[in-house]
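A short reminder: the numbers here are calculations on the coordinates, not readings from a lab. Just so it is clear, the model here is predicted, and its values are computed rather than measured. In this analysis, Cβ positions are derived from the backbone assuming ideal geometry, glycine residues included, and neighbour counts consider all displayed protein chains.
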């Protein structure tokens, strides 16, 4: 498996990697040493490479906005730098230990050069939506911009020279285009133009997660539970945390769980009057999917991971997108009938109204969860991987 040091590109496939190991497959995982502890519980053999990408999340002390500042070409140039850094390390690590199958996250796609060089089958593992028939035409304005901006021209030329230096005789954009086969770890309802996606190439399994067993009924907390989580990179949310505490104070029969990340001092998370209501729990990190199984409403930035987990567990959502594809995810969750937007002016009362509106969508969220289960999840994902193995 090839990926980069970013939680959103690692966490969605960890249960898949662990299940492959459990079934007796030898799995190696190439990533930066900063992800070693995260990957270790899967049982995969960790293969370190030193990434030059900005580190995000708790360990780095930066968020996405800080790490990936600038416009889209600036951000893509960071990946061009990473490609030049990845390939020589990956060839060195695997020259004498060539895999039978290359699994790659969408950000580890430069491993396709290894596959071409050594004639190895591949399987893309996508934690987000994928290209559809007509995607290039729909993105024509973007590609025109990329090919006319001097920075984009330089970046594309660098990438073409890089893959050519390894004997790949096609433009890098073409190499990284449609995969041989792809495993898509989201619900089809989160896929733009889902009806135009080639199902012979792309298999939607939904989240490949092994859900923990729910607590026995006698041990469950019967209070209405609100979970507030902005993932690993967008945790600087003092106004939202304050509003959640104010909501908890106004509704003492509720349980409010806040995941605030490693850069927020828990002692600063209070209600407007400076108090901490007794029904508020503040954690740096949680096992999100496990907590969602006991959550009634989820306030999230609508990252693809959290969005998929909400659908998997049948949890209605209040969306507060922060960047990138999160706005589109929020729109799709609303279109699926399981989400409402967070209030523009965040307060305890306004958040309470949004939560009440989301709770009214519980039936639809549970129906969508059952639909998602029908895709097969983890077992279906493993079957796709095993079908790609030689012999």
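How far apart, in nm, are the 7 Å Cα→Cβ label points at residue 25 and residue 350?
The answer from the label model is 4.7 nm.
How far is helix 362-373 tilted off the main Cα axis of the chain, in degrees rounded to 10, range 0 to 90?
With both axes taken from Cα atoms, the answer is about 30 degrees.
Find how many whole Å separate the alpha carbon centroid of segment 312-391 from the alpha carbon centroid of segment 278-292.
Going from one Cα centre to the other spans 18 Å.
Could you give the length gained on full extension between residue 276 and residue 118, defined as 0.36 nm per residue of separation minus the Cα-Cα distance, in nm?
51.0 nm
Thinking of segment 199-286 as a set of Cα atoms, what percent of all their pairs are more than 14 Å apart? Can you show the working numbers first?
Values: 2633 of 3828 pairs.
So the pairs more than 14 Å apart make up 69 percent of the total in segment 199-286.
Between segment 3-54 and segment 199-254, what is the separation of their alpha carbon centroids in Å?
When both Cα centres are located, 24 Å separates them.
Using Cα atoms only, what is the angle between the long axis of helix 150-165 and the major principal axis of the chain, expressed in degrees (0 to 90) to the nearest 10?
60
How far apart, in nm, are the 7 Å Cα→Cβ label points at residue 221 and residue 265?
2.5
Output the peptides 297-303, 383-389 sorted from most to least packed, where packing is the average of other Cβ atoms within 10 Å over each peptide's residues.
On the way: 297-303: 28.0, 383-389: 14.9.
Top to bottom by mean Cβ count within 10 Å: 297-303, 383-389.
Please sort 277-289, 333-345 by packing, taking for each peptide the average over its residues of neighbouring beta carbons within 10 angstrom, highest first.
Details: 277-289: 16.7, 333-345: 18.5.
Order by mean packing, descending: 333-345, 277-289.
How large is the translational diffusion coefficient of segment 224-374 in µm² per second when you combine the Kirkwood radius over alpha carbon pairs with Stokes-Einstein at 37 °C and 0.692 mPa s?
On the way: Rh = 15.0 Å.
Estimated via Stokes-Einstein, D reaches 219 µm²/s.
Tell me the mean residue ellipticity at 222 nm calculated for the chain from its helices only (DSSP H runs of n ≥ 4, each -39500 (n - 2.57), averaged over every residue, nearest 500).
Numbers: 17 runs with 158 residues, N = 391.
Value at 222 nm, helices only, nearest 500: -11500 deg cm²/dmol.
Using 7 Å Cα-to-Cβ label points, what is the residue 141/residue 95 separation (nm, one decimal)?
The two pseudo-label positions are separated by 4.7 nm.
Taking Cα pairs under 8 Å and at least six residues apart, what relative contact order does the chain come out at, in percent?
Relative contact order, the chain: 15 percent.
For helix 238-250, what angle does its Cα long axis make with the longest principal axis of the chain, in degrees from 0 to 90 and rounded to 10?
30
So what does the Cα-only Debye profile of the chain read at q = 0.07, 0.12, 0.15 Å⁻¹, as log10 I(q)/I(0), no solvent term?
Ignoring solvent entirely, the Cα scatterers give -0.33, -0.98, -1.45.
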